[in-house]
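Colleague: Let me give you the structure first, and then I'll get to my questions.
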Amino acid sequence: RATMKSLRFLSAEVFVSNAEFARKSLSTVAHNLFPLLFKASYLLEKGEVIHDLVENWPLVDFNMGKLLGATVDYQEDLSRRTCSVCLESCLTGLRDYVLNNFSPYMKRLKVVDLTGIKDVEVQFCDCKKTMGRWARTQLLSKLCLDLVVYLQQAQCNPGTFEISIDVLIDLFVTERNYELVVEALLKKCCCPLKICCVAFRSDNLTLQKFFYIIKLTDPSLLRKLEIVHNVRLEMEHLEILFNSIHFPLLMSLTLPARTFNVQRFTARDEQMLTNIGEKMGEMTQLTELCMSFSILTGRIQKLLSPLKSPLKMLDVSNCSLNHADMAYLANSFHANHLEALDLSGHDIPELYPSTFFKLLSHSSSVLRSLTLEDCNIQDTHVNMLILGLSPCQKLHEFKFVGNPLSSQALKHLFTFLCELPMLKNVEFPVPRDCYPIGITYPIDDASVCRFDHQKYESVAEELNLILLQANREDVKASTPLFGSYDAAVQETNNELGAYLIKSFKETLEKFSISFNKMS
């Protein structure tokens, strides 16, 4: 559906479409038209014009989210376009803003905010080449170091050294870009572009490197911390992290798999868990928590009860929660505020059906995203599920891959889902009747693709027809067999794969040495 453009925006498109003319004419352009021209240039992927607009930016702030978001002149949100041509032009333009001594405008820029850029699966830019969060981290770090070197070697205008611009960014650090980012952070005081880390994600890092770099980021500014793949952070390390570093503004925390394992808890571990809960309680802004694939049986209350702010997002997928945990969640002050909830990997119908529906009832007025993958939801549970979901009128997203539901049950459920007015995304399982008779759930990775693909396509077509007949073309329905799209994993999958192979090789070598000693 085409988005209407104002006459101003159409004029801006015409102006920037001739790059050579636009670049020569920038000195005559009124300051308040720069944001309009920037969005038009971004839409048309005019890299040279974007570079020159940023190089001569006459305003005090440069906020990518606001510049590319819905505006009066053009409602379409372009912040999901992580176009490599546009973003590289933008960042090199920022570097040249510092170096340009001949700009007709006084240098007023104080804050650049790059955090509004959203990484998504489908790109609409013509070049089809994206610059993800990792690559943005890499390029900004490199440009900052280049600036430091240049300013040390060249004869610069004295005014250049007085420039100080805070660049707000979501950093993504792995082993491969670690050294570069560390060097850029260490030289921050010498660089006119000051990297201000608002969100930090680390994958494939040793604990020593993680602890070192997290201190360099200035944790007092950090709003989001994600420690995800191949960072071997266990409970004792988390306690050290929270004891040694203060995170006053932290709103969102993601911990790696197996951070907690209550099955092997000692009295010291129980005390450690209490300390961690108390430290999280001191993070008064914390409203999002992801602790998937830890074993937390019976300890949810101990961890969450000290929190001062109600959680808006909670991911406790595959955490072996028991009835006491679910009862705490259902009756806690968090329940009425949960906008996103992931309880995947728990046998909800068998273990705590009524408590789960109580939790769903309490969160129904605000719930936007619900994930119930591999929860043993069967045909006999569909009517109860529909009853529980009916009050969730703000639900945008419902994911329930991996449940043993038949084609008929899915059709029944989809007919109901059409009635949820805000729903935009549904991830549904391959119907049970598409798999060979006798398949057991949860289905292992080796068997997950062994289904009748022709039959599945036929069922998927019928489900989409149900949406179509209800005038719900706005709902995207899909079956991601190996999990939802993760932009960070997609961008660094080669490094992630190499790390896993290396870890597997090291494990085999240790096993071989142990075996030889025994022999």
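The values are calculated or read from the model by the stated rules, or taken from the named source; none is laboratory data. The structure displayed is predicted, hence computed values, not measured ones. Cβ coordinates were reconstructed from backbone atoms using ideal geometry, including for glycine residues, and neighbour counts include every protein chain displayed. Areas reflect the complete protein model, heavy atoms only, side chains present, ligands, DNA and RNA absent. Shrake-Rupley method; radii C 1.70, N 1.55, O 1.52, S 1.80 Å.
Colleague: Per-residue HN-Hα couplings for the range 361-376, Karplus 6.51 cos²θ - 1.76 cosθ + 1.60 at θ = phi - 60°, whole Hz, x for Gly and Pro?
Modeller: Once θ is set to phi - 60°, the couplings for the range 361-376 become 4, 5, 8, 4, 6, 10, 4, 10, 9, 10, 10, 10, 7, 6, 10, 6 Hz.
Colleague: Here's another thing I want to ask about it. Could you run the Karplus curve 6.51 cos²θ - 1.76 cosθ + 1.60 with θ = phi - 60° over the range 290-296 and give me ³J(HN,Hα) per residue in whole Hz, x for Gly and Pro?
Modeller: Karplus values, whole Hz, x for Gly and Pro: 10, 10, 5, 6, 9, 9, 10.
Colleague: Quick check: residue separation of residue 128 and residue 347 times 0.36 nm, minus the Cα distance between them. What number comes out in nm? Don't skip to the answer; put the middle values down first.
Modeller: Values: separation 219, 0.36 × 219 = 78.84 nm, distance 4.14 nm.
That pair, residue 128 and residue 347, stretches by 74.7 nm at full extension.
Colleague: For residue 229, enumerate residues with amide H under 5 Å from its amide H, sequence gap 5+ or separate chain, H modeled in the peptide plane.
Modeller: 204
Colleague: Per-residue accessible area for residue 476 at 1.4 Å probe radius, Å² rounded to 10?
Modeller: 110
Colleague: Kirkwood Rh over alpha-carbon pairs of the range 294-400, then Stokes-Einstein at 37 °C and 0.692 mPa s: what D in µm² s⁻¹, rounded to an integer?
Modeller: Working: Rh = 13.7 Å.
After rounding, the answer is 240 µm²/s.
Colleague: If you don't mind, there's one more thing I want to ask. Counting other Cβ atoms within 10 Å of each Cβ, which trypsin sites (Lys or Arg not before Pro) in the range 1-84 have at most 10 and sit in a DSSP loop? Walk me through the intermediate numbers first.
Modeller: Details: sites: 1, 5, 8, 23, 24, 39, 46, 66, 80, 81; in loops: 1, 46, 80, 81.
The qualifying sites are 1.
Colleague: Provide the net charge surrounding residue 376, with neighbours chosen by a C-beta distance below 9 Å and charges set as Lys +1, Arg +1, Asp -1, Glu -1. Spell out each step's value before the answer.
Modeller: Numbers: positive: none; negative: 347, 350, 374.
Charge balance near residue 376 sits at -3.
Colleague: Ranked from the most accessible area to the least, with a 1.4 Å probe and all protein chains present, what is the order of 127, 190?
Modeller: The ordering from most to least exposed comes out as 190, 127.
Colleague: Largest first and in whole Å, what are the equivalent-ellipsoid semi-axes of the chain based on the Cα gyration tensor, each being the root of 5 times an eigenvalue?
Modeller: 43, 32, 22
Colleague: Report the Cα centroid-to-centroid distance between the range 251-289 and the range 215-230 in angstrom, as an integer.
Modeller: 16
Colleague: Report in % the part of the accessible area of the range 339-485 that belongs to carbon and sulfur, leaving out ligands and nucleic acids; probe 1.4 Å. Don't skip to the end; give the middle numbers.
Modeller: Details: 3740 of 7020 Å².
About 53 percent, which is the carbon plus sulfur part of the accessible surface.
Colleague: For the range 339-485, report the translational diffusion coefficient in µm²/s to the nearest whole number, using Stokes-Einstein at 4 °C, 1.567 mPa s, and a Kirkwood Rh over Cα pairs. Please report the intermediate quantities before stating the final value.
Modeller: Working: Rh = 15.5 Å.
It comes out at roughly 84 µm²/s.
Colleague: Determine the share of the range 72-146's accessible area contributed by carbon and sulfur atoms, expressed in whole percent, with a 1.4 angstrom probe. All intermediate terms of the calculation are to be shown ahead of the outcome.
Modeller: On the way: 1850 of 3440 Å².
That share works out to 54 percent.
Colleague: Please report Rg over Rh for the range 7-113, where both radii come from the alpha carbon positions and Rh follows the Kirkwood definition.
Modeller: On the way: Rg = 12.6 Å, Rh = 13.7 Å.
Ratio value, two decimals: 0.92.
Colleague: Mind checking the alpha-carbon convex hull of the range 111-164 and giving the volume per residue in Å³?
Modeller: Details: hull volume 6.6 nm³, N = 54.
It comes to 122 Å³ per residue, whole-number rounded.
Colleague: Let me ask you something else. 7 Å from Cα along Cα→Cβ at both residue 469 and residue 424: what's the point-to-point distance in nm?
Modeller: 2.7
Colleague: Can you show me the helix-derived [θ] at 222 nm for the chain, built from DSSP H runs with n ≥ 4 at -39,500 (n - 2.57) apiece and divided by the number of residues, rounded to the nearest 500.
Modeller: -13000 deg cm²/dmol
Colleague: Would you please calculate the Kirkwood hydrodynamic radius of the range 294-355 over all C-alpha pairs and express it in Å, rounded to one decimal? Write out the running numbers ahead of the final one.
Modeller: Numbers: mean 1/r = 0.0846 Å⁻¹.
Mean inverse Cα-Cα distance, inverted, gives 11.8 Å.
Colleague: Hey, another quick one. Within 10 Å, at most 14 other Cβ atoms, and a DSSP state outside H, G, I, E, B define an exposed site. Report the longest part of the chain free of exposed chymotrypsin sites (Phe, Trp or Tyr not before Pro). Before the final figure, lay out each step's value.
Modeller: Details: sites that count: 102, 124, 333, 482, 485.
So the longest stretch without any such site is 125-332.
Colleague: Follow-up. Using 0.36 nm per residue of separation minus the Cα-Cα distance, give me the extension gain between residue 446 and residue 258 in nm, one decimal. List each step's numbers first, then the result.
Modeller: On the way: separation 188, 0.36 × 188 = 67.68 nm, distance 2.31 nm.
Taking 0.36 nm per residue and subtracting the Cα distance, the gain is 65.4 nm.
Colleague: Out of residues 5 or more away from residue 476 or on other chains, whose amide H comes under 5 Å of its own, with H placed 1.01 Å from N in the peptide plane?
Modeller: Here the answer is 425, 426, since their amide H atoms fall under 5 Å of that of residue 476.
Colleague: Can you list residues whose amide H is under 5 Å from residue 76's amide H, if they're 5+ apart or on another chain and H is modeled 1.01 Å from N?
Modeller: 71
Colleague: Between the alpha-carbon centers of the range 387-404 and the range 1-55, tell me the distance in whole angstrom.
Modeller: Rounded to whole Å, the Cα centres lie 43 Å apart.
Colleague: Greater than 20 Å separation of Cα atoms is the criterion. Which listed pairs, 209/308; 279/302; 5/118; 66/424; 312/399; 66/118, meet it? Kindly include the intermediate steps, with their values, before the conclusion.
Modeller: Values: 209/308 31 Å; 279/302 12 Å; 5/118 23 Å; 66/424 23 Å; 312/399 18 Å; 66/118 12 Å.
Listed pairs above 20 Å: 209/308; 5/118; 66/424.
Colleague: Between residue 183 and residue 249, what length in nm is gained on full extension when 0.36 nm per residue of separation is reduced by their alpha carbon distance? Let's see the in-between values first.
Modeller: Numbers: separation 66, 0.36 × 66 = 23.76 nm, distance 2.49 nm.
So the extension gain works out to 21.3 nm.
Colleague: When the Karplus curve 6.51 cos²θ - 1.76 cosθ + 1.60 is applied with θ = phi - 60°, which whole-Hz ³J(HN,Hα) does each residue of the range 143-157 get, with x for Gly and Pro?
Modeller: So the J values, rounded to whole Hz, are 5, 5, 5, 4, 4, 4, 4, 4, 5, 6, 9, 8, 7, 9, 4.
Colleague: Around residue 5, under 12 Å between beta carbons, what's the net of Lys plus Arg minus Asp minus Glu among the other residues? Show your work: numbers first, answer last.
Modeller: Working: positive: 8, 39; negative: 13, 73, 76.
Taking every other residue near residue 5 into account, the sum is -1.
Colleague: Could you report the chain's accessible area per residue, 1.4 Å probe, as an integer in Å²? Write down the numbers at each step before the final one.
Modeller: Values: 24760 Å² over 519 residues.
Value for the chain: 48 Å² per residue.
Colleague: In whole Å, largest first, what are the principal axis extents of the Cα atoms in the range 242-282?
Modeller: 33, 20, 16
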